[in-house]
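Only one structure is covered here, and it is reproduced in the block below.
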Number of protein chains: 2
Amino acid sequence: MARIVMKFGGTSMAGMERIRHVAERVKREVEAGHEVAVVVSAMAGETDRLVQMCREAAPLYDPREYDVVVASGEQVTSGLLAITLQGMGVKARSYMGWQLPIRASGHVSALIEDIDVAVLDRAFAAGGVAVIPGFQGVTGEGALATLGRGGSDTSAVALAIAMKADRCDIYTDVDGVYTTDPRIVPRAAKLDLVTYEEMLELASVGAKVLQTRSVGLAMRFNMPLKVLSSFEDRPGTLIAGEEAVEESNMERNIITGIAHDLNEARITLRGLPDRPGAVAAIFRPLAAANINVDMIVQSVARAGEPSDLTFTVPTASLPETVAELETIKDAAGFTDILTDTDVVKISAVGVGMRSNAGIAAKMFDTLAERGINLLAITTSEIKVSVLIPEAYTELAVRVLHTAFGLDQERVA
Amino acid sequence: MARIVMKFGGTSMAGMERIRHVAERVKREVEAGHEVAVVVSAMAGETDRLVQMCREAAPLYDPREYDVVVASGEQVTSGLLAITLQGMGVKARSYMGWQLPIRASGHVSALIEDIDVAVLDRAFAAGGVAVIPGFQGVTGEGALATLGRGGSDTSAVALAIAMKADRCDIYTDVDGVYTTDPRIVPRAAKLDLVTYEEMLELASVGAKVLQTRSVGLAMRFNMPLKVLSSFEDRPGTLIAGEEAVEESNMERNIITGIAHDLNEARITLRGLPDRPGAVAAIFRPLAAANINVDMIVQSVARAGEPSDLTFTVPTASLPETVAELETIKDAAGFTDILTDTDVVKISAVGVGMRSNAGIAAKMFDTLAERGINLLAITTSEIKVSVLIPEAYTELAVRVLHTAFGLDQERVA
């Protein structure tokens, strides 16, 4: 007998037919003798609809009341799944975030502080399944709180940790984590095992399978995650610590995957004076405005002469960034602000990179051979990222996928 | 300064434009210096949609989980109204039933036990408006509970009583209580003042302005109710105790209104044996099955000979009633069960009736003159009801409205 959390996303909960399908999956685990808590998202599209109504109500809506409105989507699906399970003869009951409680701080993108699982322990002891709305909690003042978009993944992982679950299964509309986007590279292969760090890097550069926050949380508590398809019966991808890689004994590629991220915008500041603290004078106000600066390149200039500074920010932050830069332009001394959103960040990720020099070099060579110009470069211990013109996205992903030996053998 | 509860129904809350209109109404009362609590329904159609999903989830759905699902509709509108009010510069906050709390017992048609208004008193002291979802409460075990269809009227009245409000204003899609259905009688007049008892009788016989439960509760605590239009600025109808009628000094008709109710079905049992307890043997099992028997007529028979028994039940209960009667048929000794749903109950209601003999006689005469056959009759202290063939509904309502002097003078 294991204790497991099963999490189902919005597309898995979209409509009664799919909820019935989810209930059948849950029933199977219960019949296998497991203790099961199910975390559910709102029906696909519902949260968007509720957010839109809040915006219409007032452009600067109160975060507290926003949470009251949007938390309702998961409340509905939890109740419906509990009813459906009961209709199939499975003892099930829903528990809202405020009923357990799931204590959280803040609004709109609240953080989970702790989860009281005493009620769940009693439910499991009595042979029951617990259905819990994702994305929500309750503040110290007793107000509803939501965790931010994609927060249900985090709810599931936090609950698994609090429950001391054996694992947390994330059911979604893809059947696992792939070496790259299969829409670009048909030979992309599903990975059996990805480490937390690799998943974090892949997620942060565009692989949208799991919310980054939930992977970080799972890593901190070493909670094994499994990404599975809601719609098909396939093994899925295990996300675990590096010891799982060592134990698995499997031959592994140095590179785990190639990701691409179109949500980057490039900003170039022209004519930045060569004086101490010139760069800091630019990034300090951006940091204060909560703008995430990512890749940074400073052109080499002769001492005493002005230079150019290039960096990237999330495309969504571009207008805000430019506005911020305009206010400091005179003080900082640069002459022009150039922006470019037609760029893409391509990343190669893999824990094997640590012990293999030359990954970056191989990546640059592969792209150079195709005449692809690198606009910026960043590296971390397990990742190399390059910024290139957006038009080369598919080509770059494809040639790197092949170069790093990730192409799957086609079955004849 | 007064302390008031304003309640808005589903049509008043259907969409952001209408919610904005509601917020303007609320703002006006706040600016007049009043302490305001607003009770809201779900958007029109939303509760039906949620109920339908519960039914699809499982035909015999769990009442506890049904309440989790359907309580979400009012949660959404409360949050949206609070946001809208804030956007207009009105200090507003929503309080869910479980947050106050509104303690209730049972599920699906739970009863309100008490309401803690300490939080609201603090909100009013700080100049704030409280927005409260109607229709919901929380049980002693901390589960969500809903009050049954139309329960938001009851929420509003119960809250007004707990808050010691000066009055409870019910905003709806009609602008008050009329002497009869204006769709049948264009000369129907809006009433300025109706007593609780009259309203109860009118509501119980088809005038669907207010939920009966809410009127009964208001009467018990002598809480003045006002029925007003959400969409037009008109005086509305005050519902209060008889002392208000006495104080008003207005000339009042003996009859306040004529109502009709199509939700009655007639059942006739043929050949009932003439023996002690024969009738009780029929009504006892129906009462046990929670079937509401209304009008009863027993045909006069010669001693020792079988007679016929006619009575009415709500049309919705007809299948269940017939099934129940089939099981007792042999023991009770009647020979046939005849049913008829093509009937209507027409009622004349008015507190003035008490001191005026001859109301029933005038009613029978008026209908007889038009050749309308009376199938059954019941009277109470302030009401006379007759059951007639459904085809005569409009004719009967019209002639009675005229006969009792209720026709409004037409403005030339």
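Of note:
- Note on the stretch A:250-260: residues that are modelled with pLDDT under 90 and surrounded by 14 or more Cβ atoms within 10 Å (Cβ to Cβ) total 3.
- Counting the residues of the stretch A:1-24 that are out of contact with any strand residue (DSSP E or B) (no Cβ under 7 Å at 6 or more places or on another chain) and within 15 Å of A:M88 (Cβ to Cβ) gives 8.
- Selected residue [touching a Lys or Arg at 6+ places or on another chain (Cβ under 7 Å), more than 20 Å from B:K190 (Cβ to Cβ) and in contact (Cβ under 8 Å) with a residue 12 or more places away in the chain] from B:S380, B:S385: B:S385
- Any chance B:R266 is part of a strand (DSSP E or B) and charged (D, E, K, R): yes
- Residue in the stretch B:304-325 that is surrounded by 11 or more Cβ atoms within 10 Å (Cβ to Cβ), of a type in the set (S, T, N, Q) and in a loop (DSSP other than H, G, I, E, B) present: no
- Criterion (among the aliphatic types (A, V, I, L, M), within 13 Å of A:T237 (Cβ to Cβ) and more than 17 Å from the chain's Cα centre (by Cα)) met by exactly one of A:A165, A:A188, A:A203: A:A188
- Which numbered condition A:G277 fails, given (1) outside any helix (DSSP H, G or I); (2) closer than 28 Å to A:T402 by Cα: (2)
- In the stretch B:355-407, the residues that are open to solvent by 70 Å² or more (accessible area, probe 1.4 Å) and more than 25 Å from the chain's Cα centre (by Cα): B:S355, B:A357, B:K362, B:D365, B:E369, B:R370, B:N373, B:T402
- Number of the exception - A:G241 against (1) small (G, A, S); (2) in contact with a Leu (Cβ under 7 Å, 6 or more places away or on another chain); (3) over 18 Å from A:D330 (Cβ atoms): (2)
- Conditions (1) within 10 Å of chain B (Cβ to nearest Cβ); (2) in a helix (DSSP H, G or I); (3) among the charged types (D, E, K, R); (4) open to solvent by 60 Å² or more (accessible area, probe 1.4 Å): number failed by A:D48: (1)
- The conditions of being part of a helix (DSSP H, G or I), at the interface with another protein chain (Cβ under 8 Å from one of its Cβ atoms) and open to solvent by less than 40 Å² (accessible area, probe 1.4 Å) are not met by B:T154.
- Residues being hydrophobic (A, V, I, L, M, F, W, C) and assigned to a strand (DSSP E or B) - total across the stretch B:130-148: 6
- Complete set of residues in the stretch A:113-134 that are under 28 Å from the mean Cα position of the chain (by Cα) and open to solvent by 40 Å² or more (accessible area, probe 1.4 Å): A:E113, A:D114, A:D116
- Options B:N292, B:N253; residue that is touching a residue at least 60 places away in the same chain (Cβ under 8 Å), of a type in the set (S, T, N, Q) and in a loop (DSSP other than H, G, I, E, B): B:N253
- Residue list for the stretch B:22-34, filter: touching a residue at least 24 places away in the same chain (Cβ under 8 Å) and more than 23 Å from B:G151 (Cα to Cα): B:E24, B:K27, B:E29, B:V30, B:G33, B:H34
- Every residue from the stretch B:35-45 that is of a type outside the set (V, I, T) and either open to solvent by less than 20 Å² (accessible area, probe 1.4 Å) or in contact (Cβ under 8 Å) with a residue 40 or more places away in the chain (or both): B:E35, B:A37, B:S41, B:A42
- Among residues of the stretch B:159-214, those that are in a helix (DSSP H, G or I), open to solvent by less than 10 Å² (accessible area, probe 1.4 Å) and over 13 Å from B:K226 (Cα atoms), counted: 3
- Of the residues making up the stretch A:97-112, those that are small (G, A, S), open to solvent by less than 10 Å² (accessible area, probe 1.4 Å) and away from chain B (no Cβ under 12 Å) are A:A104, A:A110.
- Complete set of residues in the stretch B:75-96 that are among the β-branched types (V, I, T) and more than 7 Å from chain A (Cβ to nearest Cβ): B:T77, B:V90
- Scanning the stretch B:58-74 for residues that are within 8 Å of another protein chain (Cβ to nearest Cβ) and either open to solvent by 10 Å² or more (accessible area, probe 1.4 Å) or part of a loop (DSSP other than H, G, I, E, B) (or both) gives B:A58, B:P59, B:L60, B:Y61, B:D62, B:R64, B:Y66, B:A71.
- Unmet criterion (only one of (1) over 29 Å from B:D274 (Cα atoms); (2) assigned to a helix (DSSP H, G or I)) for B:A348: (2)
- Just one residue in the set B:R28, B:R18, B:R3 is modelled with pLDDT of 95 or more, away from every other protein chain (no Cβ under 11 Å), in contact with a His (Cβ under 8 Å, 6 or more places away or on another chain) and open to solvent by 40 Å² or more (accessible area, probe 1.4 Å); that residue is B:R3.
- Close contacts from the stretch A:65-79, counting a first residue that is within 16 Å of A:R18 (Cβ to Cβ) and a second that is among the acidic types (D, E) and buried (at least 24 other Cβ atoms within 10 Å of the Cβ), with Cβ to Cβ under 9 Å and a gap of 6+ residues or different chains, come to A:S78/B:E65; A:G79/B:E65; A:G79/B:D67.
The values are calculated or read from the model by the stated rules, or taken from the named source; none is laboratory data. Small disclaimer: the values here were computed from a predicted structure and weren't measured. In this analysis, Cβ positions are derived from the backbone assuming ideal geometry, glycine residues included, and neighbour counts consider all displayed protein chains. Heavy atoms of the whole protein, side chains included, go into the accessibility calculation; ligands, DNA and RNA do not. Shrake-Rupley method; radii C 1.70, N 1.55, O 1.52, S 1.80 Å.
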